[in-house]
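Asker: I have a structure I would like to understand better, so I am pasting it below and will then ask my questions one at a time.
The values are calculated or read from the model by the stated rules, or taken from the named source; none is laboratory data. Keep in mind that what you see is a predicted model, and the values were worked out from it rather than measured. Cβ: placed from backbone, ideal geometry, glycine included. Neighbour counts: every protein chain shown.
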């Protein structure tokens, strides 16, 4: 279809060009023919004026003669040099020559009369040479004009044919363009339908994966919780200890499933924020409280700093709970026993800053650019020293981005790391933001 | 007096363990493995609370809610109890009259029993989690 349109358009351009060339040629032939008629008309006028002068000897009658001669002299060269083809050029060159001879004869008659030789002047008119010249001029004029008229007719026919061809090609071109437009529109509709099908497939995948992955782990969680609650009978100390370890493993498994599902949602553009207004400082304190036991288990010191006054934000509380929790969890994992962690929340220039600073192992400079990648694990983690799936920082950064914020990181190897989550205080527009 | 609970859940383990926990806590309990059996049990057992899974064979939670709403003028308290992550389906079932959505993996039988007791004592006020 595109090829047909291209060919039709190209043919139209060539046809129009040919039409313009033919039109120019036809115009030149027509101009030449009109010019020739004017020259011959002036020759006639000059001859009449000359005759009157020869008969009367009245010099005032030479004025129209001289005007006609001047006009002929001016017009004759342009007729011969007009752009009208070789055969016509030759005919007009002969005609020019005859016209010049005729003018010479007329001038000779005038010159004799002016010299007082009225008989000699009359003889130039009556001579056989003059009669012959007139006949030749008449014959050649007729021949040249016939040739010009024939050429003009041919040019006009050619223009008519080319115009018809241009019309036909334009119709084909128009139809091809219309077909192309319909084809492009159809492809566009198909693309939209495919995208919608893909969106539905993504929704179904996330929904199904969510159900299928969580359900077995939920079953185990339910049984373990009843066992440890001694709903099925008393447990001894050793059984209770290992039951609690099993519950911890089950919780880790559910957390990893949750993170994987959130990653799938982010990738599918389905992580939707549900914004409400709440105090971010209270959320931070709550996260610290949630993780305090795990931090204390490593004998780490946790310092929480919050502003004197509540710091309200409009954001997705649950997602930020996860994101800030991931940052704090990360600090705990990569800080050695007895290390220090500081969690600070405040506002700077209208933005909320949540700093998580640790005295941990730090990050190599070359590694910093990769730490927010999916499934990225630090070298210590790869050695099996730190648990996790490498999704926590990725999700934290994506959640910050969804809120219109970001996470900045600075680190010194062996000294510690500082993550700063910067969030706008938010407005209701955040509510409908998604991971697209 | 504790409320009668109908558990509509296709997973055998979860159905069994939750039914056992509710019995231990003194709740009258019945269970159904899908929405279609669930509708029969609603007629027979006349529960005051239904814990409803969403993704089930034969008849899922959304279709169950549609049928329930079509058959009864006054609905029991329906709590969607599922691991599904499909906001559109959850919205639809909430519009049909479900009281709350609880993510199953966030709960233990002990906590659900406690929440249901509170719900019953508190006259039906319940939070979606």
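Asker: What are the pairs, 6+ residues apart or on separate chains, where a residue within the stretch A:133-151 that is more than 17 Å from residue A:38 (Cα to Cα) has its Cβ under 7 Å from a residue that is surrounded by fewer than 17 Cβ atoms within 10 Å (Cβ to Cβ) and at pLDDT 80 or above?
Answerer: Close Cβ pairs (under 7 Å, with a partner that is surrounded by fewer than 17 Cβ atoms within 10 Å (Cβ to Cβ) and at pLDDT 80 or above) amount to A:133/A:101.
Asker: Could you say whether any residue in the stretch B:21-34 is within 12 Å of chain A (Cβ to nearest Cβ), surrounded by 18 or more Cβ atoms within 10 Å (Cβ to Cβ) and either without any contact (Cβ under 8 Å) to a residue 60 or more places away in the chain or not in a helix (DSSP H, G or I) (or both)?
Answerer: Residues of the stretch B:21-34 that are within 12 Å of chain A (Cβ to nearest Cβ), as a first pass: B:21-25.
Now drop any that are not surrounded by 18 or more Cβ atoms within 10 Å (Cβ to Cβ), which leaves B:21-22, B:25.
From the residues that got through so far, the ones that are either without any contact (Cβ under 8 Å) to a residue 60 or more places away in the chain or not in a helix (DSSP H, G or I) (or both) too are none.
No, the stretch B:21-34 has no match at all.
Asker: I would also like to ask the following. Name the residues in the stretch B:91-121 that are within 10 Å of chain A (Cβ to nearest Cβ), without any contact (Cβ under 8 Å) to a residue 40 or more places away in the chain and not in a strand (DSSP E or B), would you?
Answerer: Within the stretch B:91-121, B:105, B:106, B:107, B:108, B:111 qualify.
Asker: Shifting gears a bit: Do we find that residue B:59 is part of a loop (DSSP other than H, G, I, E, B) and touching a strand residue (DSSP E or B) at 6+ places or on another chain (Cβ under 7 Å) in this structure? Give the steps one after another, and end with the answer.
Answerer: Numbers: part of a loop (DSSP other than H, G, I, E, B): yes; touching a strand residue (DSSP E or B) at 6+ places or on another chain (Cβ under 7 Å): no.
So residue B:59 does not fit the description; no.
Asker: Checking the condition modelled with pLDDT under 95, under 43 Å from the mean Cα position of the chain (by Cα) and closer than 29 Å to residue A:263 by Cβ, which residue from A:366, A:297 passes?
Answerer: Numbers: A:297 fails: under 43 Å from the mean Cα position of the chain (by Cα).
Only one candidate passes the filter, namely A:366.
Asker: Would you pick out the residues in the stretch A:220-250 that are closer than 19 Å to residue B:25 by Cβ and either part of a helix (DSSP H, G or I) or in contact (Cβ under 8 Å) with a residue 40 or more places away in the chain (or both)?
Answerer: If we filter the stretch A:220-250 for residues that are closer than 19 Å to residue B:25 by Cβ, which is where we start, we get A:221-234.
Residues satisfying the conditions are A:221, A:222, A:223, A:224, A:225, A:226, A:227, A:228.
Asker: Among the residues of the stretch A:299-323, write down those that are outside any helix (DSSP H, G or I) and surrounded by fewer than 16 Cβ atoms within 10 Å (Cβ to Cβ).
Answerer: A:299, A:301, A:303, A:305, A:307, A:308, A:309, A:310, A:312
Asker: So residue A:77 ticks every box in (1) under 60 Å from the mean Cα position of the chain (by Cα); (2) buried (at least 16 other Cβ atoms within 10 Å of the Cβ) but one. Which box is left unticked?
Answerer: (2)
Asker: Can you name every residue in the stretch B:72-90 that is outside any strand (DSSP E or B) and either farther than 25 Å from residue B:27 by Cα or within 14 Å of chain A (Cβ to nearest Cβ) (or both)? Can you show your working first?
Answerer: In the first step, residues of the stretch B:72-90 are kept if they are outside any strand (DSSP E or B); the result is B:72-76, B:83-90.
Of everything in the stretch B:72-90, those that are outside any strand (DSSP E or B) and either farther than 25 Å from residue B:27 by Cα or within 14 Å of chain A (Cβ to nearest Cβ) (or both) turn out to be B:83, B:84, B:85, B:86, B:87, B:88, B:89, B:90.
Asker: As an exercise: evaluate residue B:47 against (1) more than 30 Å from residue A:201 (Cβ to Cβ); (2) modelled with pLDDT of 90 or more; (3) within 14 Å of chain A (Cβ to nearest Cβ) and give the number of the one condition it does not meet.
Answerer: (3)
Asker: Please go through the stretch B:88-102 and give me each residue that is closer than 20 Å to residue A:218 by Cα and modelled with pLDDT under 90, ordered by number.
Answerer: From the stretch B:88-102, those closer than 20 Å to residue A:218 by Cα are B:90, B:100-102; that's our starting set.
Once the filter is applied, which keeps residues that are closer than 20 Å to residue A:218 by Cα and modelled with pLDDT under 90, the stretch B:88-102 yields only B:90.
Asker: Shifting gears a bit: Does residue A:272 count as buried (at least 20 other Cβ atoms within 10 Å of the Cβ) and either touching a strand residue (DSSP E or B) at 6+ places or on another chain (Cβ under 8 Å) or on the phi < 0 side of the Ramachandran plot (or both)? Break it down stepwise before answering.
Answerer: Values: buried (at least 20 other Cβ atoms within 10 Å of the Cβ): no; either touching a strand residue (DSSP E or B) at 6+ places or on another chain (Cβ under 8 Å) or on the phi < 0 side of the Ramachandran plot (or both): yes.
Criteria not met by residue A:272.
Asker: Among B:40, B:90, which is the only one that is in contact with a strand residue (DSSP E or B) (Cβ under 9 Å, 6 or more places away or on another chain) and more than 19 Å from residue B:104 (Cβ to Cβ)? Explain how you work it out, then say what you get.
Answerer: On the way: B:90 fails: more than 19 Å from residue B:104 (Cβ to Cβ).
Of B:40, B:90, the one residue that is in contact with a strand residue (DSSP E or B) (Cβ under 9 Å, 6 or more places away or on another chain) and more than 19 Å from residue B:104 (Cβ to Cβ) is B:40.
Asker: Step by step: first the residues of the stretch B:56-69, then only those that are within 14 Å of chain A (Cβ to nearest Cβ) and closer than 11 Å to residue B:80 by Cα, then the one that is farthest from the chain's Cα centre (by Cα). Which residue is that?
Answerer: First, the residues of the stretch B:56-69 that are within 14 Å of chain A (Cβ to nearest Cβ): B:56-57, B:60-62.
Those still in the list that are closer than 11 Å to residue B:80 by Cα too: B:61-62.
Numbers: B:61: 9, B:62: 12 Å.
Top of the filtered list is B:62.
Asker: Do we have residue A:229 as more than 29 Å from residue B:60 (Cα to Cα) and facing chain B (nearest Cβ under 9 Å) here? Steps first, answer last, please.
Answerer: Working: more than 29 Å from residue B:60 (Cα to Cα): yes; facing chain B (nearest Cβ under 9 Å): yes.
Criteria met by residue A:229.
Asker: Does any residue in the stretch B:45-68 that is in contact (Cβ under 8 Å) with a residue 60 or more places away in the chain come within less than 8 Å, Cβ to Cβ, of a residue that is assigned to a helix (DSSP H, G or I) six or more places away or on a different chain, and which pairs are these?
Answerer: Within 8 Å, the pairs are B:48/B:120; B:49/B:116; B:49/B:119; B:49/B:120; B:51/B:18; B:51/B:112.
Asker: Here is a follow-up. Has the stretch A:331-348 got at least one residue that is within 18 Å of residue A:402 (Cα to Cα) and either within 41 Å of the chain's Cα centre (by Cα) or buried (at least 18 other Cβ atoms within 10 Å of the Cβ) (or both)? Break it down into steps so the answer makes sense when it comes.
Answerer: Step one: of the stretch A:331-348, the residues within 18 Å of residue A:402 (Cα to Cα) are none.
No - not one qualifying residue is present in the stretch A:331-348.
Asker: Hey, residue A:294 hits all of (1) closer than 26 Å to residue A:224 by Cα; (2) within 14 Å of chain B (Cβ to nearest Cβ) but one; which does it fall short on?
Answerer: Unmet condition: (2).
Asker: Same structure again: Given (1) under 60 Å from the mean Cα position of the chain (by Cα); (2) in contact (Cβ under 8 Å) with a residue 24 or more places away in the chain, identify the lone condition not met by residue A:53.
Answerer: Result: residue A:53 passes all but (1).
Residue by residue, here is whether (1) part of a helix (DSSP H, G or I); (2) at pLDDT 90 or above; (3) touching a helix residue (DSSP H, G or I) at 6+ places or on another chain (Cβ under 6 Å) holds:
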{"position": "A:325", "(1), (2), (3)": "yes, yes, yes"}
{"position": "A:331", "(1), (2), (3)": "yes, yes, no"}
{"position": "A:347", "(1), (2), (3)": "no, yes, no"}
{"position": "A:352", "(1), (2), (3)": "no, yes, yes"}
{"position": "A:355", "(1), (2), (3)": "no, yes, no"}
{"position": "A:421", "(1), (2), (3)": "no, yes, yes"}
